[in-house]
Amino acid sequence: MKIGVLGAGQLGRMMAISGYPLNHQFGFSGNSSDEPSALLGHMFALEDNADNIKYLVDFADVITYESENTNVEVVREISKNVPVYPGEKSLFTTQHRGREKALFNQLNIPCAPYQMVSSEQDLIDAVNTIGLPAILKTATEGYDGKGQFLMRNISEITKAWKSMNGVESILEGFVNFKRELSLIAVRGIDNNHKYYPLVENTHHDGILRFTIAPAQNIDPTVQKTAEHYMQTLLDEMDHIGVLTIELFETENGLVANEMAPRVHNSGHWSIDGANTSQFENHVRAITGMPLGDTTPTHSYCAMINIISKIGPTNTVLNMPNAHLHLYDKEERANRKLGHINITANSQAELDESIKKLKDFLP
């Protein structure tokens, strides 16, 4: 089957790598022929992006996307001619934090108190309602810590609002949490669901730097609760493909933070640490193939993001249980250039391996 991808970054690249053994072909709509996916399939990267999408539609039997910031109108038009998975409802909901939170509330999934904000006066009113500390975020766009302002004092209201550049925003109450978790799941066209184990994520300057998979010391009921929340979201949105939900683990249970209608950075460990990676399962789902087993192949896995500089990769290559994945991207501050997956049979082995790769951690 010919799979078209809106976008040509590292997520599309890893989809293609996982999809070729299944006898699929790939095409990408991107901005230039230098993007990470460029050599992994047919690359449509003309100056006029509308032409790129036209050629992609002509090429593909099914289309998917890399980002929740994909234009909904474009997806709506494409879907008149070629199936697009995940569908329009998933994209429309997850690209706006207010709509996301409203869906959480509708489905009785706990989340932080929130209020939409369109002016400085709105922000003053929201602070009076929600209290401080709180986090002001742009309602759309924003990733890797961009478009966010942590407010601790009312004296920061003007500065916080100015940092949003006048765009619609959302004020979210601050959640006291023990750790950040995420759950990745996949739903097939036949309504089959598969869940990966909860993983623990560590961020630095708003960017995911480190994931432990599975998250250690997770009570089975917590995993089941996360899967229940996920199933209700998958079914409500009629979602086909991979869906990710970011969660806070608190003393009072799980609190939902955000969703992503796509393969996710916190699932990169699955390439080397699960029977079927998130990328292969996404490809299987959107092409109508049976979903693969999501069971981890090792009791202990970790993923380290390579940020800004590629670093001493020979250290990784000399380790029998470390796996290097580079994205063919030029070095730049705060840019994700690749990741390292570690597999281990004990906590001690995992800790020792992470220690050897300390140069890649902040």
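Just to verify a number: FRET efficiency for Asp359 and Ser155, C-beta to C-beta distance, R0 = 41 Å, to 0.05?
Values: r = 40 Å, r/R0 = 0.97.
In this case the efficiency is close to 0.55.
Please go through the stretch 69-145 and write out the GluC sites (Glu not before Pro) that DSSP classes as loop and that have at most 15 other C-beta atoms within 10 Å.
Hits after loop and neighbour filter: Glu141.
Just to be sure I understand the model, the point goes 7 Å from the Cα along the line to the Cβ. What's the resulting Asn314 to Phe177 distance in nm?
Each label point lies 7 Å from its Cα, and together they span 4.0 nm.
Would you mind calculating the relative contact order of the chain from Cα pairs under 8 angstrom and at least 6 residues apart, reporting the percent as a whole number?
About 14 percent, as a whole number.
Would you mind getting me the FRET efficiency between Glu251 and Val72? Use the beta-carbon distance for r and R0 = 41 Å, nearest 0.05.
0.60
Per DSSP H run of at least 4 residues, take -39500 (n - 2.57); add these up for the chain, divide by its residues and hand me the 222 nm value, nearest 500 deg cm²/dmol.
Details: 12 runs with 108 residues, N = 362.
-8500 deg cm²/dmol, from helical runs alone.
Between the stretch 282-350 and the stretch 1-68, what is the separation of their alpha carbon centroids in Å?
Each part reduced to its Cα centre gives a spacing of 22 Å.
What are the ³J(HN,Hα) couplings of the stretch 337-342, residue after residue, when phi is run through the Karplus curve with 6.51, -1.76, 1.60 and θ = phi - 60°? Round to Hz, x for glycine and proline.
Karplus values, whole Hz, x for Gly and Pro: 9, x, 8, 10, 9, 10.
Would you work out the charge dipole size for the chain about its Cα centre, treating the Cβ of every Lys and Arg as +1 and the Cβ of every Asp and Glu as -1, and quote it to the nearest 20 debye?
Numbers: 30 positive and 44 negative charges, 87 e Å.
So the dipole magnitude of the chain works out to roughly 420 debye.
Only sites in a loop by DSSP and with at most 13 other Cβ atoms within 10 Å count here; which GluC sites (Glu not before Pro) in the stretch 223-323 make the cut?
Glu251
Give the accessible surface of the chain per residue, rounded to a whole number of Å², with probe radius 1.4 Å and ligands, DNA and RNA excluded.
Roughly 44 Å² per residue, with all protein chains present.
Any idea how far apart Lys80 and Ser32 come out in nm if each label point goes 7 Å out from Cα toward Cβ?
3.3 nm
Leaving out same-chain residues fewer than 8 places away, which lysines sit with a Cα under 19 Å from that of Lys194?
Counting by Cα, and skipping residues close in sequence, Lys194 has these lysines nearby: Lys224.
If you place +1 on the Cβ of every Lys and Arg and -1 on the Cβ of every Asp and Glu, how big does the dipole about the Cα centre of the stretch 261-362 come out, in debye to the nearest 20?
360 debye
Taking 0.36 nm per residue of sequence separation and subtracting the Cα-Cα distance, how much length would be gained by fully extending the chain between Lys54 and Ile189, in nm to one decimal?
Gain on extension, Lys54 to Ile189, equals 46.1 nm.
Gaussian network model of the chain, Cα springs within a sub-10 Å range: biggest mean-square fluctuation belongs to which of Pro113, Pro36, Pro320?
Pro320
Hey, any idea what % of the stretch 145-195's accessible area is carbon plus sulfur with a 1.4 Å probe? Numbers along the way, then the final one.
On the way: 1250 of 2680 Å².
Carbon and sulfur together cover 47 percent of it.
Between Gln216 and Met116, what is the spin-label point distance in nm, taking each point 7 Å from the Cα along the Cα→C-beta axis?
4.4 nm
In whole angstrom, how far apart do the alpha carbon centroids of the stretch 237-267 and the stretch 166-209 sit?
Using only Cα atoms, the two centres lie 4 Å from each other.
Could you compute the longest span of the chain free of chymotrypsin sites (Phe, Trp or Tyr not before Pro) located in DSSP loops and having at most 16 other Cβ atoms within 10 Å, not counting the site residues?
Working: sites that count: Tyr143, Phe174, Phe177.
With chymotrypsin sites (Phe, Trp or Tyr not before Pro) excluded where exposed in loops, the chain gives 178-362 as its longest stretch.
Run through the stretch 146-205 and list the trypsin sites (Lys or Arg not before Pro) located in a DSSP loop whose Cβ has at most 11 other Cβ atoms within 10 Å.
Taking the stretch 146-205 and a limit of 11 other Cβ atoms within 10 Å, the loop trypsin sites (Lys or Arg not before Pro) found are Arg152, Lys178.
The values are calculated or read from the model by the stated rules, or taken from the named source; none is laboratory data. Only a predicted model underlies this, so the values are computations on that prediction, with no experimental measurement involved. Note that we place each Cβ from the backbone using ideal geometry, even for glycine, and neighbour counts take in every protein chain shown. These area figures cover heavy atoms from the full protein model, side chains too; ligands, DNA and RNA do not enter into them. Shrake-Rupley method; radii C 1.70, N 1.55, O 1.52, S 1.80 Å.
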